[in-house]
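The values are calculated or read from the model by the stated rules, or taken from the named source; none is laboratory data. Here the structure is a predicted model, which means the values were calculated and not measured. Because the Cβ atoms are built from the backbone with ideal geometry, glycine has one as well, and the counts that use them run over all protein chains shown.
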Amino acid sequence: MTGSAPRRLVIFGASNIISDLFDCALANGLLPAKVVLHLPESAGERDIPLAARIAALKGLCDAPQVETLDTFQPGAGELYLLGPTTPTRANLAAELERRFGLRYHTLVHPTAYVSPLAQLGQGGFVGAKSVIGPGACLGDHVFVNRGVTIGHDTHIGSYSRIQPGANLGGASRIGSGVTVAIGATLLERLVIGDGAMVGAGAVAVEDVPDGVLVLGVPAKFKKAL
């Protein structure tokens, strides 16, 4: 008797995090089946093209198909996830809702720890070695990258992204579309406004208003976004 076929993951849009999504899918026994592009690929000088990221899967699984949003049709048994990391992926989610009314898979790496007392919204990603504490509540499409710690009872709004090595103290309120960059630290009981960014390595010791960038130790206002 043969085992059942692996579930098929469809990723909408591409970004530099897509290799992490491939890795996490394989670690969960999922097949990265399709990458559906909503915009033409625009790789920067130091970016790795999508074709190279797909080629790296050789010997691990069949290469995912690449197609456009205009040719995509949902299939039976597929699981769906957004690929872009920027908060503007909310626009992609709105377009997919308009066209297809999809529900999304939440992808958690097997080496991550998510407390059974935490709540994850649909379409989230939790990377390797990350820890999400009890009472934490993450909205839809929140990306938590590798090696992140999210303290107890911290709430994070939809479309926010927490970059590798960030440490968020407990009982904080993080708005929607927020970026907490690589290695940043937030003390407990803070409020971070919608669309704000805590820069790489910054240490936030006080609340951050909507739509601003803070940098430094301690973190100070740098500019409006």
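Here are some notes:
- The range 14-26, residues that are in contact with a Pro (Cβ under 8 Å, 6 or more places away or on another chain) and at pLDDT 95 or above: Leu21, Phe22, Ala25, Leu26
- Single residue of the range 167-196 satisfying the filter (touching a residue at least 40 places away in the same chain (Cβ under 8 Å) and of a type outside the set (S, T, N, Q)) that is surrounded by the most Cβ atoms within 10 Å (Cβ to Cβ): Val178
- Counting only strands (runs of 3 or more DSSP E) that fall entirely inside the range 1-75 and contain at least 2 residues that are in the same structural domain as Arg89 (by TED's automatic domain parsing) and either of a type in the set (D, E, K, R) or loosely packed, with under 15 Cβ neighbours inside 10 Å (or both), the qualifying elements are 65-68.
- Residue tally, condition of a type outside the set (Gly, Ala, Ser), within 15 Å of Arg146 (Cβ to Cβ) and either over 16 Å from the mean Cα position of the chain (by Cα) or assigned to a strand (DSSP E or B) (or both), over the range 162-196: 4
- Filtered residues of the range 125-158 (kept if among the charged types (D, E, K, R) and touching a residue at least 24 places away in the same chain (Cβ under 8 Å)): Asp140, Arg146
One line per residue, one yes/no per condition, for (1) closer than 28 Å to Ala27 by Cα; (2) among the β-branched types (Val, Ile, Thr):
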| site | (1), (2) |
| --- | --- |
| Gly135 | yes, no |
| Val198 | no, yes |
| Gly211 | no, no |
| Lys223 | no, no |
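- Output for the range 197-220, where each listed residue is charged (D, E, K, R) and either in contact (Cβ under 8 Å) with a residue 60 or more places away in the chain or part of a loop (DSSP other than H, G, I, E, B) (or both): Glu206, Asp207, Asp210
- Hey, Thr106 of a type in the set (Ser, Thr, Tyr), under 30 Å from Leu187 (Cα atoms) and modelled with pLDDT of 95 or more or not: yes
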